[in-house]
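Here the structure is laid out as structure tokens; the discussion comes afterwards.
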Amino acid sequence: MDPERRVSKALAEAQTILARYVEPGPRDCARTINQLLHVLDDEAVVQAVEESKMEKPTAEQLVELKGLSAIARVPDESEIVTSKEEAEIRIRDLKDKARME
């Protein structure tokens, strides 16, 4: 499941839990908190939130990565770069490697 969908699903589940809590009748705070923790503190949801916060690499960065990969004679990994920060690091490393070639 992609990160955006996982976060959306967890948010919908949390809203359902809260909606049940605010309905008229007896309330169980501890049970509600435990249900929310079960949904929101899930490792996959936490990771999906982190991934959704990451900025995607720019088109310019991807083009630069492709070009530098050719110059440095290394496999093009621009397709697997997932964040702007990772792209910056790879670009810097490839520039260093290209200088050595």
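Read-outs throughout are calculated quantities, based only on the coordinates presented, and are distinct from any laboratory measurement. Nothing here was measured: the structure is a model prediction, and the numbers come from that model. Counting neighbours? That spans all protein chains shown, and the Cβs are built from the backbone with ideal geometry, glycine included.
Being of a type outside the set (A, V, I, L, M) and closer than 22 Å to PRO3 by Cα is true for just one of GLU64, GLU85, GLU60. Which residue is that? The unique qualifying residue is GLU85.
Checking the conditions here, which among GLU51, GLU43 is within 24 Å of ASP2 (Cα to Cα) and in contact (Cβ under 8 Å) with a residue 12 or more places away in the chain? Reasoning before the result, please.
Details: GLU43 fails: in contact (Cβ under 8 Å) with a residue 12 or more places away in the chain.
One residue alone meets the criteria, GLU51.
Residue-by-condition table, conditions (1) touching a helix residue (DSSP H, G or I) at 6+ places or on another chain (Cβ under 9 Å); (2) over 28 Å from THR82 (Cα atoms):
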residue	(1), (2)
PRO3	yes, no
GLN15	no, yes
LEU18	yes, yes
GLY25	no, yes
ALA30	no, yes
GLN35	yes, yes
LEU40	yes, no
VAL45	yes, no
SER52	yes, no
